[in-house]
Amino acid sequence: MTGFISEKDIESYFAGQIKRLGGKAFKFVSPGAAGVPDRLVLLPGGRMCFCELKAPGKKARPLQLRQHDKIRALGFSVFVCDSKEQVDYMLDWLRGGV
């Protein structure tokens, strides 16, 4: 099938864009706290957010959404990205362009 984009494709694009910007995207694992976002994204200048990567068209599960709400209530940003365009939006936001 031509034009099919997988979660792996989005993850590869995400990692490449973060690296291009001189940042880090740590795989975030929190034992005992199910539903936390996949990645902790850090860019130069102290800019950071959490990111949940999904396959195209897939949405965060209810448990994930509850965890995202808890993180946002602490003042941090959480993005759910299921496309390269959403990754670009997140990065624009981190750079202060949105």
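Computed from the coordinates by the stated procedures, all read-outs in this text should not be read as laboratory data. Please read these numbers as outputs of a predicted model, since none were measured by experiment. When we count neighbours, we look across all protein chains shown, and the Cβ atoms used for this are built from the backbone with ideal geometry, even at glycine.
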If you filter the chain for chymotrypsin sites (Phe, Trp or Tyr not before Pro), then keep DSSP loop positions with at most 16 other Cβ within 10 Å, what is left? Phe4, Phe28, Phe76
Between Phe26 and Ser6, what is the label-point separation in nm under the 7 Å Cα-to-beta-carbon projection? 2.9 nm
Please list 3J(HN,Hα) in residue order for region 37-47, calculated via the Karplus relation 6.51 cos²θ - 1.76 cosθ + 1.60 where θ = phi - 60°; whole Hz, with x for glycine and proline. x, 5, 10, 9, 9, 10, 10, x, x, x, 8
Straight-line reach check, Lys84, cutoff 18 Å on alpha carbons, 8 or more apart in-chain or any other chain, hits among lysines -> Lys8, Lys19, Lys24, Lys54, Lys58, Lys59
Considering only DSSP beta bridges with both partners in region 7-94, what is the antiparallel share in %, to the nearest 5? 70 percent
Cα gyration tensor of region 45-98, axes a ≥ b ≥ c as square roots of the eigenvalues: rounded (a/c below 1.5), prolate (a/b > b/c) or oblate? oblate
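Region 22-98: which trypsin sites (Lys or Arg not before Pro) are DSSP loop and have at most 13 other beta-carbon atoms within 10 angstrom?
Values: sites: Lys24, Lys27, Arg39, Arg47, Lys54, Lys58, Lys59, Arg66, Lys70, Arg72, Lys84, Arg95; in loops: Lys54, Lys58, Lys59, Arg95.
Sparse-neighbourhood loop trypsin sites (Lys or Arg not before Pro): Lys58, Lys59, Arg95.
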From the coordinates shown, semi-axes √(5λ) of the Cα gyration tensor in Å corresponds to which of (i) 27, 24, 11; (ii) 20, 18, 12; (iii) 34, 19, 15: (ii)
Calculated [θ] (222 nm, deg cm²/dmol) that DSSP helices of n ≥ 4 give over the chain, each run adding -39,500 (n - 2.57): -12000 deg cm²/dmol
Tally Lys/Arg at +1 and Asp/Glu at -1 over every other residue whose Cβ is under 10 Å from the Cβ of Leu53; what's the total? -1
